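First comes the structure, then the notes that go with it.
FYI, it's all coordinate maths here, none of it is from the lab. Predicted model, so just to flag it, every value in this text is computed and none were measured. Quick reminder, even Gly has a Cβ in these numbers, built from the backbone with ideal geometry, and neighbours come from all protein chains shown.
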Amino acid sequence: MTATRLTTKRVEKPWGRRDLWPAFDSVPEGGDPVGEIWFEVPGQKDGDPNGPQLLIKYLFTSDKLSVQVHPTDAQAQSKGFPRGKDEAWVILDAEPRASIALGTLKVLTHDEERKAAEDGSIEQLLDWKPVKKDDSFYTPAGTIHAIGPGLTLVEVQQNVDLTYRLYDYGSARELHLDDGVAASNPVPYVAPYKAHDIAEGRTILADGPKFVLERWCKGGDGTLKSDGRKLWLVPLTGAGTIGGEAFEAGTAWLVDGETPLTLDEGADILVAYPDAGVIETLWG
């Protein structure tokens with residue numbers, strides 16, 4: 001039995017915030033805004049091909065993120081990276097009129113996409129979807145996307161720090177047009193999976209191809225029993241214990257093997273594990 005509390009890394013971003021989610025300390029006066037909090041395995045090295053398959057982040061936005069895309073496994077590995085990047089988002093809080101861009105409004109050729117990225121019109125060619133608290137999205141590699149301001153969300157992704165920026169609203173940050181256009185699929189977004197409940201308080205938000213993401217809103221006492229896959233657990237609200245240790249919002253845990261888990265009534269957690277296929281009897 002192993003339940004490892006993951007370490008946190010605060011990542012400063014120009015589009016981030018100083019007032020973060022209640023589980024995290026705000027940025028001190030005069031400090032740079034924080035856009036991301038990463039949860040990492042203790043001792044993990046960035047880019048380690050033998051490192052954990054998934055990475056969990058919180059994102060806090062006060063401005064638009066760049067228009068970007070991530071490569072598939074094959075595309076990333078051709079560049080020397082261990083894997084590509086599918087990702088999923090769970091919205092924890094959204095200001096009025098907050099939105100996320102997913103896919104394009106119509107099918108574009110790569111030449112049309114590149115020209116639009118160069119002249120800035122790509123922003124108007126994206127499908128900006130209004131979002132609200134508790135919405136969730138799975139975005140396969142190749143999906144052109146951008147996250148808007150006024151959002152707090154949890155991101156679950158394949159564990160690689162690899163992003164191709166197509167457009168950044170005239171900023172001086174580097175763009176990656178050659179790799180980005182080659183990696184992108186400039187078509188309207190179609191959700192690859194529809195969230196559904198499989199038991200009281202247990203909702204499957206995504207089932208593969210690269211990972212399963214579940215949301216549990218329930219209490220109880222039992223044992224986590226995987227099928228050999230490691231589990232990532234992220235308590236959003238509420239509390240409990242995992243492996244005899246305090247389990248509370250603002251933490252994330254990596255579980256390997258059978259592990260006792262107790263959740264107080266009203267607990268709200270995310271559970272993720274790599275590859276496709278829901279583990280039917282995961283906790284009980």
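A few points about this structure:
- Per-residue HN-Hα couplings for region 163-176 [Karplus 6.51, -1.76, 1.60; θ = phi - 60°; Hz; x = Gly/Pro]: 10, 9, 7, 9, 7, 9, 6, x, 6, 8, 5, 5, 9, 9
- √(5λ) per eigenvalue of the Cα gyration tensor, the chain, largest first, Å: 32, 21, 18
- When the charge dipole of region 2-183 is built from unit charges on Cβ atoms (+1 for Lys and Arg, -1 for Asp and Glu) and taken about the Cα centre, the candidate among Val160, Val67, Ala116 whose Cα reaches farthest toward its positive end is Val160.
- GluC sites (Glu not before Pro) within region 1-58: DSSP coil, no more than 15 neighbouring Cβ in 10 Å: Glu29
- The distance linking region 1-66 with region 193-219 is 23 Å (Cα centroid to Cα centroid, whole angstrom).
- Loop trypsin sites (Lys or Arg not before Pro), region 1-55 (other Cβ atoms within 10 Å of the site Cβ: 11 or fewer; DSSP): Lys45
- Dividing the summed helix terms, -39500 (n - 2.57) for each DSSP H run of n ≥ 4, by the number of residues in the chain produces a 222 nm estimate of -2000 deg cm²/dmol to the nearest 500.
- Equivalent ellipsoid semi-axes - Cα gyration tensor, region 196-274, angstrom: 18, 15, 11
- Test item: Cα-centred dipole of the chain, Lys/Arg +1 and Asp/Glu -1 on Cβ, debye: 220 debye
- The loop-placed trypsin sites (Lys or Arg not before Pro) in region 62-153, going by DSSP, that have at most 14 neighbouring Cβ atoms within 10 Å of their Cβ come out as Lys79, Arg97, Lys106, Lys132, Lys133.
- Calculated on C-alpha atoms, the gyration radius of region 1-85 divided by its Kirkwood radius gives an Rg/Rh of 1.03.
- Shape class of region 39-88 from the alpha-carbon gyration tensor: oblate, with a/c at 1.5 or above and b/c at least as large as a/b.
- Note that region 88-105 has calculated 3J(HN,Hα) couplings of 9, 10, 10, 7, 8, 7, 9, 5, x, 6, 5, 8, 10, 8, 9, x, 10, 6 Hz, one per residue in order, obtained from phi through the Karplus relation 6.51 cos²θ - 1.76 cosθ + 1.60 (θ = phi - 60°); glycine and proline are x.
- For the chain, built as a Gaussian network whose Cα springs stay under 10 Å, the top-fluctuating residue of Glu87, Glu123, Glu95: Glu95
- Cα long-axis angle, helix 110-119 against the chain (0 to 90 degrees, to the nearest 10): 80 degrees
- Taken as Cα centroids, region 154-173 and region 220-241 sit 30 Å apart, rounded to the nearest whole angstrom.
- Charge dipole of the chain about the Cα centre (unit charges at C-beta), most positive-ward option of Tyr189, Leu6, Pro274: Tyr189
- Across region 179-187, coupling constants 3J(HN,Hα) worked out from phi with the 6.51/-1.76/1.60 Karplus curve, θ = phi - 60°, read 5, x, 5, 5, 7, 8, 10, x, 9 Hz, and Gly and Pro carry x.
- 5 angstrom amide H check on Trp283, placed H, neighbours 5+ away: Lys225
- Overall form of region 57-151 per C-alpha gyration tensor (a/c, 1.5; a/b vs b/c): oblate
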